[in-house]
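Read through the structure below, which is laid out as structure tokens, and then see the notes.
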Amino acid sequence: LSILSLEGAKVSAEISKLIRKYSTAQVAFEFIGDAALLYIPADENLEFAPIFSVYRAIDIVAVIMLGCLAQGILLRGGIGFGIGGFVEQSSFYGQAYYRAVAAEEEAKYPRVVVGASFLEYLDYLGDRAVHDKSLKTEEQKLIMGWRSEVQRYLTKDTDDKCIVHYLRERHAKITEHD
């Protein structure tokens, strides 16, 4: 638990709203058969920004991969972006699902492959931050900052596939105490 105090700091209502928007994640889980599905809504609204949810989802995937690896459990996965939704409880359909499954099938061994649709979405968010005249400088910086954090998790593997780098320096500290 972290508590940040802005006591004595002069933070406008507008900046306070931006802080809340860019520090509120909406990541949901659903277990379907032997698969865990993490999903986020990609629509922009006043309450949260999808880029922070994307960051949290990638961070969760990295922690799960590292934790399972430490227990001798080997996982593979895929990340896709697109339209999707639940038709019935435990029945998720749509582009997002099929793109994630296609990326997972490319994994072949313990890793999480990031599909082109997800990378295109990251590019879209960056382009939007730079070119959308309705966004103020502070919001553009927040979008680009979180996008940069997501990109720090991504790397090219030996076969040129983009993967989640779950052994990133931040998570390496977890194993130092073992």
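Overview of values
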{"quantity": "Breaking point among (1) surrounded by 13 or more Cβ atoms within 10 Å (Cβ to Cβ); (2) within 25 Å of Arg128 (Cβ to Cβ); (3) out of contact with any helix residue (DSSP H, G or I) (no Cβ under 8 Å at 6 or more places or on another chain); (4) not hydrophobic (A, V, I, L, M, F, W, C), for Gln26", "calculated": "(3)"}
{"quantity": "Any hit, the range 44-52, residues being charged (D, E, K, R), in a helix (DSSP H, G or I) and more than 16 Å from the chain's Cα centre (by Cα)", "calculated": "no"}
{"quantity": "Exclusive hit being β-branched (Val, Ile, Thr), open to solvent by less than 50 Å² (accessible area, probe 1.4 Å) and either free of Cβ contacts under 8 Å to residues at least 24 places away in the same chain or more than 18 Å from Leu38 (Cα to Cα) (or both), set Ile143, Ile163", "calculated": "Ile143"}
{"quantity": "Scan of the range 136-157 for residues that are in contact with a strand residue (DSSP E or B) (Cβ under 7 Å, 6 or more places away or on another chain) and either more than 15 Å from Val112 (Cβ to Cβ) or not in a loop (DSSP other than H, G, I, E, B) (or both), ordered by number", "calculated": "Leu154, Thr155, Lys156"}
{"quantity": "Residue pairs meeting the criteria (Cβ under 6 Å; at least 6 apart or on separate chains; first in contact (Cβ under 8 Å) with a residue 24 or more places away in the chain, in the range 25-53; second among the hydroxyl-bearing types (Ser, Thr, Tyr) and open to solvent by 40 Å² or more (accessible area, probe 1.4 Å))", "calculated": "Ile32/Ser90; Phe48/Thr24"}
{"quantity": "Failed item, numbered, when Ala57 is tested on (1) closer than 16 Å to Ile163 by Cα; (2) touching an Asp or Glu at 6+ places or on another chain (Cβ under 8 Å)", "calculated": "(2)"}
{"quantity": "For Val150: the one exception among (1) open to solvent by 30 Å² or more (accessible area, probe 1.4 Å); (2) of a type in the set (A, V, I, L, M); (3) in contact (Cβ under 8 Å) with a residue 60 or more places away in the chain", "calculated": "(1)"}
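Matching residues to (1) exposed (fewer than 14 other Cβ atoms within 10 Å of the Cβ); (2) closer than 21 Å to Pro41 by Cα; (3) modelled with pLDDT of 90 or more:
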site: Leu75; (1), (2), (3): no, no, yes
site: Gly80; (1), (2), (3): no, yes, yes
site: Ile83; (1), (2), (3): yes, yes, no
site: Lys108; (1), (2), (3): yes, no, yes
site: Phe118; (1), (2), (3): no, yes, yes
site: Lys156; (1), (2), (3): yes, no, yes
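The values are calculated or read from the model by the stated rules, or taken from the named source; none is laboratory data. What you are looking at is a predicted structure, and each value in this text was computed from that prediction instead of being measured. Every residue, glycine among them, receives a Cβ derived from its backbone with ideal geometry; neighbour counts consider all protein chains shown. These accessible areas exclude ligands, DNA and RNA; they are computed on the full protein's heavy atoms, side chains included. Shrake-Rupley method; radii C 1.70, N 1.55, O 1.52, S 1.80 Å.
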